[in-house]
Structure formats: structure tokens, C-alpha cells
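Colleague: The following block contains the structure, expressed as C-alpha cells.
The values are calculated or read from the model by the stated rules, or taken from the named source; none is laboratory data. Note that the coordinates shown come from a computational prediction; the quantities given were computed from them, not determined experimentally. For neighbour counting, all protein chains shown are included, and Cβ atoms are generated from backbone atoms with ideal geometry for every residue, glycine included. Keep in mind that these areas ignore ligands, DNA and RNA; they rest on the heavy atoms of the full protein, side chains included. Shrake-Rupley method; radii C 1.70, N 1.55, O 1.52, S 1.80 Å.
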Amino acid sequence: EFHGQLWQGLAIGYRVAKYVKEVFKKSEDEELVAIVENNACGVDAIQYMLSCTFGKGNLIFKDNGKHVYTFYSRESNKAIRIYVKKNFFEGFDDILRKFNNGELSEEEMQMFNQRRKEVSEEILKMEEKELFDVKEVDIEPPRKARLFPSIKCQECGEYFMEIKGRVINGKVV
């Protein structure tokens, strides 16, 4: 309901979050930090199920394009890294390119959606050891969320976070 549809990415995020809930407590504030290496559908499941969000500062995005998720517990000072080790669309490169370019025929779209449904069901049924590689990792404790004053841009007049400001041509922007 939060995401709006169930496809493979959301199924992956659900399985990741479900696994993490067995290892760490759901975050009330910033006790649990999620470091995600993609901005795909699965991150929505992590936000919803584990209460790791950008707004609270306990969701960190690293744009590596990988289905890799690292979780750090401030309470136990432990971290786990979860890697999704299967390519569910192997052999579908041409279909994916056509999908991204809006070039799928109606028949190809039906085939693609059928494959997405099958993959989603497969992910939900797979054994964890088949789906994930999970290992405990040592990481630097992530910074807690910080609050900064807002200042007005001397160019456009809009307020922004002070720490993001720069001086260009003698103006704070």
C-alpha cells in the first residue's frame, strides 16, 4: 500500500527488511541506520518496515546501483551487510532496454509483466541463503542527524540549510 504496487524490487526490500527485523529492533528514532546502495523500490519497504527514513536521518543513500543494504545498530554497535546475489532478469537485457525507452510492444509488455510477477513470487518464496549473502561488517558509526539554521539565498531569495551555502561573486548562495 505504501509503495503502490508489488514488483520484484519491493519483494527484495520486503525480504531484506524482514530479515533485519529478526536481527535488530525497528528504529524508533535513529537506533537503526540503513545504508542503501540503490534507489529502487526495495528502499520503500525498508523505510516502511524498519522506520529508517531520510527525514529522521537514519537512511543513507550511496548511489552504487547495487542491491546491497547495510544496517548499523547504535544499540549493539554492530552492522550487517546484505547482498542480493541473484540476477533475476538475466537474459532480458533487450527487453529491459526497450522497456526503459518505451518501445515494448503490447505482447512484449505482457511477457515482461508476467516475468516481473514470476520473479516477485520467486523472491518471496526463496530460502534466505539462496537470495542473500549476509555478513557482519565493521563500519564507522554513521553520524546522527544534525540540524542547521536556514539562511536566505542572496540570489534567489529562498531559504536553505546554512551548511549548503557558498559565496559566489560576493553573495551567499
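Colleague: Run the numbers on region 86-173 and let me know its relative contact order in percent, using alpha-carbon pairs under 8 Å that are six or more apart.
Modeller: 15
Colleague: Another question, if that's okay. What do you reckon, how do L50, L10 stack up by accessible area (1.4 Å probe), largest on top?
Modeller: The ranking, largest first, comes out as L10, L50.
Colleague: Quick check: from the Cα gyration tensor, does region 107-173 come out rounded (a/c under 1.5), prolate or oblate? All intermediate terms of the calculation are to be shown ahead of the outcome.
Modeller: Numbers: a/c = 4.94, a/b = 1.96, b/c = 2.52.
Cα axes put region 107-173 in the oblate bin.
Colleague: Compute the separation of the alpha-carbon centres of region 112-173 and region 94-109 and state it in Å as a whole number.
Modeller: Value for the Cα centre distance between the two parts: 29 Å.
Colleague: I'd like the GluC sites (Glu not before Pro) in region 72-173 restricted to DSSP loop residues with at most 16 other Cβ atoms within 10 Å, sorted by number. Walk me through the numbers on the way to the answer.
Modeller: Details: sites: E75, E90, E103, E106, E107, E108, E118, E121, E122, E127, E128, E130, E136, E155, E158, E162; in loops: E75, E90, E103, E127, E155, E158.
Listed in order of number, the matching sites are E75, E90, E103, E127, E155, E158.
Colleague: Under 9 Å from the Cβ of E136, count the other residues' Cβ atoms, weight Lys and Arg +1, Asp and Glu -1, and hand me the total.
Modeller: My count for the surroundings of E136 gives +2.
Colleague: In whole Hz, what ³J(HN,Hα) sequence does region 142-153 give by Karplus (6.51, -1.76, 1.60; θ = phi - 60°), x for Gly and Pro?
Modeller: With coefficients 6.51, -1.76 and 1.60, one gets x, 5, 6, 4, 10, 10, 10, x, 9, 10, 8, 5 Hz.
Colleague: With each label point set 7 Å from Cα along the Cα-Cβ vector, what nm distance links E75 and I151?
Modeller: 4.0
Colleague: Here's something else I'd like to know. Kindly sort D93, D63 by accessible area of their heavy atoms, largest first, with the probe set to 1.4 Å.
Modeller: Most to least solvent-accessible, the answer reads D63, D93.
Colleague: When only C-alpha pairs under 8 Å and at least 6 residues apart count, what is the relative contact order of the chain, in percent?
Modeller: The normalised contact order for the chain reaches 21 percent.
Colleague: Out of S105, F92, N169, whose Cα points farthest toward the positive end of the dipole of region 66-173 (charges: +1 Lys, Arg; -1 Asp, Glu; placed on Cβ)?
Modeller: Of the listed residues, the answer is N169.
Colleague: Place a +1 charge on the Cβ of each Lys and Arg in the chain and a -1 charge on the Cβ of each Asp and Glu, then give the dipole magnitude about the Cα centre in debye, rounded to the nearest 20.
Modeller: I would put it at about 720 debye.
Colleague: How high is the relative contact order of region 8-106, in percent, with contacts defined as C-alpha pairs under 8 Å that are six or more residues apart?
Modeller: Computed value for region 8-106: 26 percent relative contact order.
Colleague: A follow-up question, please. Got a sec? What order do F132, F92, F99 fall in by accessible area at 1.4 Å, biggest, i.e. largest, first?
Modeller: F99, F92, F132
Colleague: Among rounded, prolate and oblate, which fits the chain when a ≥ b ≥ c are the square roots of the eigenvalues of its C-alpha gyration tensor, a/c under 1.5 means rounded, and a/b larger than b/c means prolate?
Modeller: oblate
Colleague: To the nearest 0.05, what FRET efficiency results for K117 and R97 with a Förster distance of 25 Å applied to their C-beta separation?
Modeller: Computed FRET efficiency for K117 and R97: 0.75.
Colleague: Given axes a ≥ b ≥ c from the Cα gyration tensor, I'd like to know whether region 76-142 is rounded (a/c under 1.5), prolate (a/b larger than b/c) or oblate.
Modeller: Since a/c reaches 1.5 and a/b is larger than b/c, the shape of region 76-142 is classed as prolate.
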